[in-house]
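Participant: Quick one: the structure is below, questions incoming.
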Amino acid sequence: MNIFKKIKIFCRNVSQTLPLYKEYNSSNLKNNKKLRELVIIVEAIERIWKESQYNNKYILFHYFVNKFLTKINIEKQQWIDTIKTAEYWVEKGNKIFESFKDNPFEITPISEAINLYKKSNQILYDESYMITEKLLIEIFKNRQKFRYLCQQGKEKGKQGFYQEGLNYLYEALKIFKPNKLELQIIKFKQKVNLEREYNRNLKEIKHIAQQGNFVLAQTQLKLTLKKFSRQDGEELSAKLKRVIDAKTEYRQGLIAEKIDNFNLAKKQYLLALSYLPNLEEASYRLALIDIKQNNYSSALSYLEKLTGEKVNYLRGFCYLQKNDLQNVVKEWKTISHPLVDKNKESLKILIQRNRLQIIQHIENSVSKEKYQEAKNYCEKFTEKYGYDTNVDHNLTKHIQPVLEHQLWKSLDLLSIINQLNQEFQKNPNISTLHNISIAYYYQAQIDETYIEKWITFLMTSILNIKKNPILENLSWLNINEINYDKTKEELIKLIENTIDKYKDSNLKKYYELRDIFRQEMLAMELIGNPPNAGVKIKEVFITPRFYQNNKSQLKNINLQKNKLSTLYTDFGLTVAACLKNDVERAIKIKPNLTASSEVEKLAESLINYYEGCYHLQHDSWKKAKNCLQNAQNEIKNNNDWITEINRLCEKQRNKLDNLQENLEFGQFWYNLLKSPASASYLAEYKARDISQQVANDKITFSQAISKLKEVQKIDQNNPLVTDLLNRLEFSQEGEEIDKLLKAGRFQAAVKKAKYSSNKEIKYTVAEVFIKIIIEGANAKELEWETMQQFGKWAYEICPHEPDFREIYKLLKII
Amino acid sequence: MIKNEKITPNPYDVLEVSSGASTGEITKAFAMAMKKKKYNPKQIAEARKSLMDSQQRLIADYLRPNLPLIQRFKKQDLSLLNEPIPVIKLLPEFDGLDKAYKESETISESDKKLGLELFS
């Protein structure tokens, strides 16, 4: 065969193969697992090439055709294997199903057959397999339901509920009708009549029991259960037995009580209660026996859950014996009985006597100078009978003042402090606060460990000085003549002098006390004079240290989010140091805590701001970075802070000379404030960096331009950025046009120059053409038409350029 | 007031005068204190100086505890306590042992109540 004929056959084969190949190669068949169809296609392709005996080794494409045929043959073999596996599984599934086809109670083999079909359908598409799988699932569900109904029916039968069980079995019968089930139904039907009779009897027996005839109910139930037994009947029987036993024991108790054998009676009643805890009569009798034996608390315990007039009377009587007259009144209040009414009259006299007895105790205690005891009686009286003018007068104007005088006479300062603190917790007021501060004043002089407490209380007392009654009734000085500011100064001086004593001897303590004093002073300053807003306990303004020392008892105080409140947080000492510009100390005493509340977060931000500024002042912007970033949210809300940070950053930038550091610093400053100064600074240094990268050939013009455009987003009108961008764009265009010219693509170069927005580019390109014309003319190397073409290009780019007008005229372009 | 070597005494305590003492009383008390020698002469002199200066005296007043005035104790009429105490005894009507026994022989109301409670 000649070569042309072979090529012709080759072309025919290819054209026959192509549609088959297209189908073979489409994702549709492979994705849908249509393996049988794919095998048919492959076989068809193989036939085309086999029939034409295409095996000439001289044909150029021989190698590729063989390679293709081998590839599809391998695939075909794999598909055939898969088809065989799928068919094997289906066959196996069919066998399993066939062997259990007629037994509706079997579901496991169906489940196995379904799984085999599922596996087959996962690897091969065969519509008949799909339909069979669905059918098997349907059969499986039916058998499952059938089995459930049979099981339920059987279970109900076991429990003695044959009618209910029968209903389930009839439902099952609607699905399948095996003999076994029909036999079961016959068996159930026989039992249903007995069950009906049992149900009727049980209802009647319950009715008898409801009427209180427990013995008759029990007798009838026994007869019924002999014929037909069921759980509910057995339970009723047990319950009836318990009631009858309880009633028997109760009656035995009554017999024993009648002959005054209280111990036996109690035993019987308790036994009755053990059978039937809600047998109220037994509890009532037990209470009565206890009353007869003077065991009133025990009697009350038996009456605890009982109600009714009789019970109220007994309970009231028990309280009377316990001298709890208020409860007697409560219990007898609702009883309307003539004899109880007489008792109520006597009760009134007893109550009056009781009141007077307590008053007598108060008077006796006072006369024996037992004032604490007298105070306790007063409190007991008020607790029992409420407010009484005389008792209150005696307590507040006589007993309590005497106790206070006695307390100070005791000279035991710690005991005084302890008692006054308790008094302040009960009733916070300025007088008690003042007295605590005085006790601490003396105690701190004896034991220096109390100095901090003294400072706290004295500062709190000073904060409330204008409301302090100690200065109100001075006989030697009119209240209007008191110079409160001067007095405050003198008292504060006392504290300062005390602290200063440690300056030379104990520097650590000196600083600690000074920190506390500064915190208190600052709070006083912020609260105002007279105090108008701040943290208060009732009418008493309190200082941060006072709050801190009593924090556990002051949980109800909600600290507002403001500068003053930050002093009351655990960050207070540090905040005070910051606000008084002692940031160095603040850094030293900063607590290692996590702020949780809003005010704590504000305190933390404030500290971070001051610490950050401190580092900036000392040209350590890297140390400042973290602090200021942590305070960023608060900084945004505070213009003064923004101004100060900008000022310090301006100062800091002048100290940096390294480009990289300038860049890092600029980025931090800009991220923090986004202020115009920071934006301009960052943009400038970014531009410098880009320029350097271009100069070092690290980035292309195009990369640099894109980077600069990003920089422009930081500072839109930065002159340095704009200038650099212009220059880069010029260079880029110039480079592109240069490439076009070098490649001889003059038309493209002209077009690019013509539409450039840069006048310099236009001029330069036009000038190149003009120079070529001049040099060509001088050397007489260029023809007239060529020169004119160059002239036209120059004219296209710069038609009005005066420098070139002469040339245009000479070339007769204009 | 507390006397301890470490403590700076209150001028009022040193001179043993009340808060309302006049200048004359303070002068007299100064002489008495010098005689008594309870405090050293320097302390006595400073106490006098403090109380003679109104601002210093104000601080001395401030550094004392604020103790309330002790008013007269008011007594009350307790004559009722001399009268006989009424006695309240348990009313047999609320015992009802016999009634309970009789009821236990028949089907009582409480049985019916119990029956309804337990078997409804």
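Values in this text are rule-based calculations from the coordinates and carry no lab data. In this text, all values refer to a predicted model and were calculated from it rather than measured experimentally. Every residue, glycine as well, gets a Cβ built from its backbone with ideal geometry; the counts of neighbours run over all protein chains shown.
Participant: If I model a spin label as a point 7 Å beyond the Cα along the Cα-Cβ vector, how far apart are those points for A:N497 and A:E781 in nm?
Facilitator: The modelled label-to-label distance comes out at 10.8 nm.
Participant: Considering all alpha-carbon pairs of the stretch A:70-172, what whole percent are spaced by more than 23 angstrom?
Facilitator: 46
Participant: Scan the stretch B:1-58 for trypsin sites (Lys or Arg not before Pro) in coil per DSSP, keeping those whose Cβ has at most 11 other Cβ atoms within 10 Å, and list them by number. Numbers along the way, then the final one.
Facilitator: Values: sites: B:K3, B:K6, B:K28, B:K35, B:K36, B:K37, B:K38, B:K42, B:R48, B:K49, B:R57; in loops: B:K3, B:K6, B:K37, B:K38.
Taking the stretch B:1-58 and a limit of 11 other Cβ atoms within 10 Å, the loop trypsin sites (Lys or Arg not before Pro) found are B:K3, B:K6, B:K37.
Participant: Let me ask another. If you average the alpha carbon positions of the stretch A:250-296 and of the stretch A:82-115, how far apart do those two centres end up, in angstrom?
Facilitator: If you average the Cα positions of each part, the centres end up 75 Å apart.
Participant: Assuming a strict under-19 Å limit between Cα atoms, what lysine pair count do you get for the stretch A:504-592 once near-sequence pairs (fewer than 8 apart, same chain) are dropped?
Facilitator: 16
Participant: Magnitude of the Cβ-charge dipole of the stretch A:717-800, K/R +1 and D/E -1, about the Cα centre, nearest 20 debye?
Facilitator: Details: 12 positive and 13 negative charges, 34 e Å.
With Lys and Arg at +1 and Asp and Glu at -1, about 160 debye.
Participant: So how strong a dipole does chain A carry about its Cα centre when Lys and Arg Cβ are +1 and Asp and Glu Cβ are -1, to the nearest 20 debye? Before the final figure, lay out the partial values.
Facilitator: Numbers: 126 positive and 102 negative charges, 927 e Å.
Dipole of chain A, to the nearest 20 debye: 4460 debye.
Participant: If you take every residue apart from B:K74 with its C-beta less than 13 Å away from the C-beta of B:K74, what net charge results, scoring Lys and Arg +1 and Asp and Glu -1? Please report the intermediate quantities before stating the final value.
Facilitator: Details: positive: A:K397, B:R72, B:K75; negative: A:E363, A:D388, A:D392, B:D77.
Result for the local shell: -1.
Participant: What size of dipole, in debye to the nearest 20, comes out for the stretch B:40-120 about its Cα centre when the only charges are +1 on Lys and Arg C-beta atoms and -1 on Asp and Glu C-beta atoms?
Facilitator: Computed about the Cα centre, the dipole is about 1320 debye.
Participant: Taking the Cα centre of the stretch A:668-758 as the origin and placing charges on Cβ (Lys, Arg +1; Asp, Glu -1), which of A:N726, A:A749, A:Q712 is farthest toward the positive end of the dipole?
Facilitator: Result: A:A749, furthest along the dipole toward the positive end.
Participant: To continue, here is another question. In whole Hz and in residue order, list the ³J(HN,Hα) couplings for the stretch A:144-159 that follow from phi through the Karplus curve 6.51 cos²θ - 1.76 cosθ + 1.60, θ = phi - 60°; x for Gly and Pro.
Facilitator: Once rounded to whole Hz, the list reads 4, 5, 4, 4, 4, 4, 4, 4, 4, x, 4, 4, 4, x, 4, 7.
Participant: Turning to a different aspect of this structure: Which of the listed residues, A:L169, A:A246, A:T219, is farthest toward the dipole's positive end in the stretch A:166-264, when Lys, Arg count +1 and Asp, Glu count -1 at the beta-carbon?
Facilitator: A:L169
Participant: Let me ask another. Computed FRET efficiency, Cβ-Cβ of A:N592 and A:Q716, R0 41 Å: what is it to the nearest 0.05?
Facilitator: 0.40
Participant: Evaluate E = 1/(1 + (r/R0)^6) for A:K561 and B:Q76, where r is the Cβ-Cβ distance and R0 equals 56 Å; express this FRET efficiency to the nearest 0.05. Could you put the intermediate results ahead of the total?
Facilitator: Values: r = 56 Å, r/R0 = 0.99.
Here the calculated transfer efficiency is 0.50.
Participant: How big is Rg to Rh over the protein assembly as shown, alpha-carbon atoms, Rh as the Kirkwood inverse-mean-distance radius?
Facilitator: We get a ratio of 1.24 for the protein assembly as shown.
Participant: Here is a further query. Inside 10 Å of the C-beta atoms of A:432-439, what's the mean count of C-beta atoms belonging to other chains?
Facilitator: Taking the mean over all residues of the peptide, I get 3.
Participant: Between A:K792 and A:E735, what is the spin-label point distance in nm, taking each point 7 Å from the Cα along the Cα→C-beta axis?
Facilitator: That separation, rounded to one decimal, is 3.3 nm.
Participant: If contacts are Cα pairs under 8 angstrom and at least 6 residues apart, what is the relative contact order of chain A in percent? Before the final figure, lay out each step's value.
Facilitator: Details: 758 pairs, mean separation 26.3, N = 814.
That works out to 3 percent.
Participant: Counting only other chains, what is the mean number of Cβ atoms within 10 angstrom of the Cβ of each residue in peptide A:666-672?
Facilitator: Mean partner-chain Cβ count within 10 Å for A:666-672: 0.
Participant: Once every DSSP H run of n ≥ 4 in chain A is given -39500 (n - 2.57) and the sum is divided by its residues, what mean residue ellipticity at 222 nm do you get, rounded to the nearest 500 deg cm²/dmol? Mind dumping the intermediate values first?
Facilitator: Values: 41 runs with 620 residues, N = 814.
My calculation for chain A gives -25000 deg cm²/dmol from helical runs alone.
Participant: Could I ask something else about it? Over all distinct alpha-carbon pairs, what is the Kirkwood Rh of the stretch A:217-289 in angstrom?
Facilitator: Details: mean 1/r = 0.0759 Å⁻¹.
For the stretch A:217-289, inverting the mean 1/r across all distinct Cα pairs yields 13.2 Å.
Participant: Along the Cα→Cβ direction, 7 angstrom out, place labels at A:N376 and A:Q406. What is the inter-label distance in nm?
Facilitator: 1.2
Participant: Please work out the C-alpha center-to-center distance from the stretch A:469-520 to the stretch A:685-709 and express it in whole Å.
Facilitator: 66
Participant: Still on this structure: With unit charges on the beta carbons (Lys and Arg positive, Asp and Glu negative) and the dipole taken about the Cα centre of chain A, which residue among A:L181, A:G157, A:Q77 sits farthest to the positive side?
Facilitator: Positive-end residue among those listed: A:L181.
Participant: For the stretch A:645-778, compute Rg over Rh where Rg is the Cα radius of gyration and Rh is the Kirkwood radius from the inverse mean 1/r over Cα pairs.
Facilitator: On the way: Rg = 19.8 Å, Rh = 17.0 Å.
Rounded to two decimals, Rg/Rh equals 1.16.
Participant: While we're looking at this one, here's another question. Would you kindly calculate the mean projected area, averaged across all directions, of the convex hull enclosing the Cα atoms of the stretch A:330-470, in square nanometres?
Facilitator: Dividing the Cα hull surface by four gives the mean projection, 11.7 nm².
Participant: Enumerate by residue number the trypsin sites (Lys or Arg not before Pro) in the stretch A:140-236 meeting two conditions: DSSP loop (anything except H, G, I, E, B), and at most 15 other Cβ atoms within 10 Å of the site's Cβ.
Facilitator: Those that pass, being in a loop and sparsely packed, are A:K174.
Participant: Which of the chymotrypsin sites (Phe, Trp or Tyr not before Pro) across the stretch A:718-786 are loop residues per DSSP, with 11 or fewer other Cβ within 10 Å? Don't skip to the answer; put the middle values down first.
Facilitator: Working: sites: A:F730, A:F746, A:Y755, A:Y763, A:F769, A:W784; in loops: A:Y755.
Hits after loop and neighbour filter: A:Y755.
Participant: Whole number please: convex hull volume per residue, Cα atoms of chain B, in Å³. Show your work: numbers first, answer last.
Facilitator: On the way: hull volume 43.3 nm³, N = 120.
Hull volume normalised by residue count: 361 Å³.
Participant: At 0.36 nm per residue, minus the direct Cα-Cα distance, what do A:R647 and A:T307 gain on full extension? Give it in nm, one decimal, please.
Facilitator: 114.1 nm
Participant: Efficiency by 1/(1 + (r/R0)^6): what FRET value for A:I351 and A:Q211, r their Cβ-Cβ distance, R0 = 51 Å, to the nearest 0.05?
Facilitator: After rounding, the FRET efficiency stands at 0.60.
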